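Everything below concerns the one structure shown next.
The values are calculated or read from the model by the stated rules, or taken from the named source; none is laboratory data. Everything quoted here is computed from the prediction, not taken from an experiment. All Cβ positions, even for glycine, are placed from backbone atoms using ideal geometry, and neighbour counts span all protein chains on display.
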Amino acid sequence: MPKRYTQQFKDEAVRLVLDGPRPIIQVARELGVNDTTLGNWVAQYRRSVVEPGATPRGDEPVTARERELERENRKLREENAFLVKASAFVCPERKGAIAVGR
């Protein structure tokens with residue numbers, strides 16, 4: 001039976017590949033994941049970054065600015081997720097409201 005990974009684990013693994021200088025195979029070994037599996041996660045993430053309805057830009061090079069903005073966007077999303085969790089810890093009565101996105 002194949003291993004099941006949480007979306008959070010997949011997102012973190014993809015972030016390690018995209019934000020760092022290490023190749024997919026090295027990150028995969030460190031995490032105990034098949035390198036093909038991790039490569040698929042990275043490819044899926046890259047496809048999801050393309051706007052819906054737009055054609056994938058496989059032949060166009062991604063600029064350094066685009067990579068920088070993607071990295072910054074991921075970092076801000078992670079920080080936001082952390083702040084949501086921290087606010088639930090500090091203010092437990094809002095925990096239910098945060099869970100439903102209020």
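Here are a few things to note about the model shown:
- Qualifying position, being surrounded by 11 or more Cβ atoms within 10 Å (Cβ to Cβ), modelled with pLDDT of 85 or more and closer than 24 Å to residue 3 by Cβ, among 77, 71, 22: 22
- Considering residues of the stretch 80-102 that are more than 18 Å from residue 8 (Cα to Cα) and among the charged types (D, E, K, R) only, the residue modelled with the highest pLDDT: 93
- Within the stretch 1-19, considering residues that are assigned to a loop (DSSP other than H, G, I, E, B) and of a type outside the set (S, T, N, Q), the one surrounded by the most Cβ atoms within 10 Å (Cβ to Cβ): 5
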